[in-house]
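Enquirer: Quick one: structure below, then a few questions.
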Amino acid sequence: MSDRETWTSRVGFILAAVGSAVGLGNIWSFPFQTASNGGAAFLVVYLCAVFLLGFPVMLGEFVIGRRSERNAVEAFRSLGFGEWSVVGGLAVVSSFVTLAFYSVVGGWVLSYIVGSVTGGYLGDAGAYFGAVSAGPIAVGAHAAFMALTIGIVALGVTDGIERATKLMVPAIFVLMGGLAVWVSTFEGAAAGYAYYLSPDVGVIADNIAGIVPPAVGQAFFTLSLGFGVMIAYSSYLGRDDSLPADGSAIVVVNTLVALIAGFVVFPVLFAIEGSVPDSGGAGTAFTALAGAFSQIPGGQLIGLGFFVVLLFAALSSSISLLEVPTAFVADRTGYDRTATAVGLGAFVALAGVPTALDTGILGWYNDIVFELLLPLAVLSLSLFVGWVADDQLAVELNLGSSFGSGFSTVWLWWIRIVIPVAIGGTLLLGIQSLLVKAGILAAPIVLG
Ligand code: TRP
């Protein structure tokens, strides 16, 4: 491991982690989950989940990574707990499944960039989505998106990932911020802000089972937790870096991007469509927004800006989804990085083809990740950090940190008790909802 690459700067690490975190989850899935789950009420639960559950778990991944200086699979063996490698294996499988459908949605984004240039979605937004979301066009666009991802990963950590995200993350901020300012001038925007920002506590109380699991799943997904990415990225960090400080920066920036996306999406929806779409299906974001863009003067240009940002965000995430398995296989076998990235990327691309042919299958991949793999991975990670490897990892958290040892003590107990209880509950609700959707369970047993 002596020739292991490291980040050329601390900012490089933070940007790469932010690049991984900021993605379709923030700009596509977050506003529409919020829209279909009660608006501001969902937002409140989501923010609590990000800061109270996501942030501590992220620190958990950081200590595993920096302590072991290994990728997610080998980290556990290197820390002396080889049997826990299965958690790393779960992380790799989750990355594969996620990338398979993530790339299909990335392909949709490519098609919407084309549509913004040609004006393809201006006439009938629903028909355009139908044409590009499933079938040969979707397969082709998915292949193109995977090719871009593979190309960047093949270039390696510092050359590819660090350089690409240094460019993309600031671009996302500038473009999204500009869009948010622009749409604030629309007549009717105020109703959008009201729906987005005034929480109705009654909505939360009435529908805990409906709001909490998606909010928690979204919180972990958006922070790229449970997939070993943060383990892999922090393994390249030095001991003088403050993990809590870096983690806070990453969580705050990631949250800001999602919040700003809401400030673009809600005013547009209310000013143009007059309300939020009530079903939050995979296509809603695309049809509702494209429909809105086609009614605004200059909408094609706004659309182009929006979808280009979405592409940057999606790419900076997809490269990190492919990086984890690539680093693992390349580290372990000694194979060439480029060949490894191409081989694994091609495999994932094939696994994604069914989801490019049928949006129902895409929904299944999505649900399996959100409701099963993700909570399972995060639960096992926190049990490992809290109960199996506790001493060395709590010590690791303090290295380079000015937060004090009181912080790491609270963190450790939080990871031991609060996180497993919260995620365990979410996991049960998630499994229940999968069984109901699959028709195996007729009706929810708990909190129906
Ligand atoms: N955080 C990404 C997003 O919001 C998606 C994601 C989830 C991810 N897990 C990941 C990206 C692991 C990279 C690695 O879009």
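Enquirer: For the stretch 271-290, give me each residue that is at pLDDT 80 or above and surrounded by fewer than 23 Cβ atoms within 10 Å (Cβ to Cβ).
Expert: Across the stretch 271-290, the qualifying residues are Ala271, Thr287.
Enquirer: Out of Asp367, Asp336, Asp358, I need the residue that is among the acidic types (Asp, Glu) and modelled with pLDDT of 90 or more. Which one?
Expert: One residue alone meets the criteria, Asp358.
Enquirer: Pick out the one residue from Ala341, Ala349 that is away from the ligand (no atom under 16 Å from the Cβ) and more than 20 Å from Ala127 (Cα to Cα).
Expert: Matching residue, one of Ala341, Ala349: Ala349.
Enquirer: While we're looking at this one, here's another question. So which residues in the stretch 406-431 are polar (S, T, N, Q) and closer than 13 Å to Pro214 by Cα, if there are any at all?
Expert: Going through the stretch 406-431, the residues polar (S, T, N, Q) turn out to be 408-409, 426.
Scanning the stretch 406-431 gives a single hit, Thr426.
Enquirer: Given the condition in contact with a helix residue (DSSP H, G or I) (Cβ under 6 Å, 6 or more places away or on another chain) and under 23 Å from Ser401 (Cα atoms), answer yes or no: does some residue in the stretch 86-102 qualify?
Expert: For the stretch 86-102, residues in contact with a helix residue (DSSP H, G or I) (Cβ under 6 Å, 6 or more places away or on another chain) and under 23 Å from Ser401 (Cα atoms): absent.
Enquirer: Does Ile113 fit the bill of being over 30 Å from Gly299 (Cβ atoms) and either among the hydrophobic types (A, V, I, L, M, F, W, C) or in a helix (DSSP H, G or I) (or both)? Outline the logic, then answer.
Expert: Values: over 30 Å from Gly299 (Cβ atoms): no; either among the hydrophobic types (A, V, I, L, M, F, W, C) or in a helix (DSSP H, G or I) (or both): yes.
For Ile113, the condition - over 30 Å from Gly299 (Cβ atoms) and either among the hydrophobic types (A, V, I, L, M, F, W, C) or in a helix (DSSP H, G or I) (or both) - is not met.
Enquirer: To continue, here is another question. Which condition number does Val174 fail, the rest of (1) within 22 Å of the chain's Cα centre (by Cα); (2) in contact (Cβ under 8 Å) with a residue 24 or more places away in the chain being met?
Expert: (2)
Enquirer: Looking at the stretch 68-91 only, could you name the residues that are more than 11 Å from the ligand (Cβ to nearest atom) and aliphatic (A, V, I, L, M)?
Expert: Within the stretch 68-91, Val73, Ala75, Leu79, Val86, Val87, Leu90 qualify.
Yes or no, residue by residue, for (1) out of contact with any strand residue (DSSP E or B) (no Cβ under 9 Å at 6 or more places or on another chain); (2) surrounded by fewer than 22 Cβ atoms within 10 Å (Cβ to Cβ); (3) modelled with pLDDT under 90; (4) of a type in the set (S, T, N, Q):
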residue: Gly19; (1), (2), (3), (4): yes, no, yes, no
residue: Glu61; (1), (2), (3), (4): yes, no, no, no
residue: Arg66; (1), (2), (3), (4): yes, no, no, no
residue: Gly89; (1), (2), (3), (4): yes, yes, yes, no
residue: Ser95; (1), (2), (3), (4): yes, no, no, yes
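Enquirer: Additional query: Only one of Phe312, Phe328, Phe286 is touching a Phe, Trp or Tyr at 6+ places or on another chain (Cβ under 6 Å) and part of a helix (DSSP H, G or I); which?
Expert: Unique residue meeting the criteria: Phe286.
Enquirer: Got a sec? Which of Val251, Val183, Val229, Val216 is in contact (Cβ under 8 Å) with a residue 60 or more places away in the chain and in contact with a Phe, Trp or Tyr (Cβ under 6 Å, 6 or more places away or on another chain)?
Expert: Result: Val251 is the single residue among Val251, Val183, Val229, Val216 that is in contact (Cβ under 8 Å) with a residue 60 or more places away in the chain and in contact with a Phe, Trp or Tyr (Cβ under 6 Å, 6 or more places away or on another chain).
Enquirer: Still on this structure, I have one more. Hey, can you tell me all the residues within the stretch 400-424 that are more than 15 Å from Gly386 (Cβ to Cβ) and in contact (Cβ under 8 Å) with a residue 12 or more places away in the chain?
Expert: Selection gives Gly400, Ser401, Ser402, Phe403, Phe407.
Enquirer: OK, next. What is the residue count in the stretch 223-269 for residues that are crowded, with 24+ Cβ neighbours inside 10 Å, more than 15 Å from the chain's Cα centre (by Cα) and of a type in the set (Phe, Trp, Tyr)?
Expert: Adding up the residues that qualify gives 2.
Enquirer: Being out of contact with any strand residue (DSSP E or B) (no Cβ under 9 Å at 6 or more places or on another chain), small (Gly, Ala, Ser) and on the phi > 0 side of the Ramachandran plot narrows it down to one residue among Gly404, Gly360, Gly386, Gly345; which is it?
Expert: Gly404
Enquirer: When you scan the stretch 27-46, do you find a residue that is aromatic (Phe, Trp, Tyr), outside any helix (DSSP H, G or I) and modelled with pLDDT of 90 or more, even just one?
Expert: Checking the stretch 27-46: not a single residue is aromatic (Phe, Trp, Tyr), outside any helix (DSSP H, G or I) and modelled with pLDDT of 90 or more.
Enquirer: If you don't mind, another one. Of (1) over 17 Å from the mean Cα position of the chain (by Cα); (2) within 16 Å of the ligand (Cβ to nearest atom), Val309 satisfies all except one. Which?
Expert: Every condition holds for Val309 apart from (1).
The values are calculated or read from the model by the stated rules, or taken from the named source; none is laboratory data. Keep in mind the model is a prediction, meaning the values are calculated, not measured. Backbone-built Cβ (ideal geometry, glycine too); neighbour counts: all protein chains shown.
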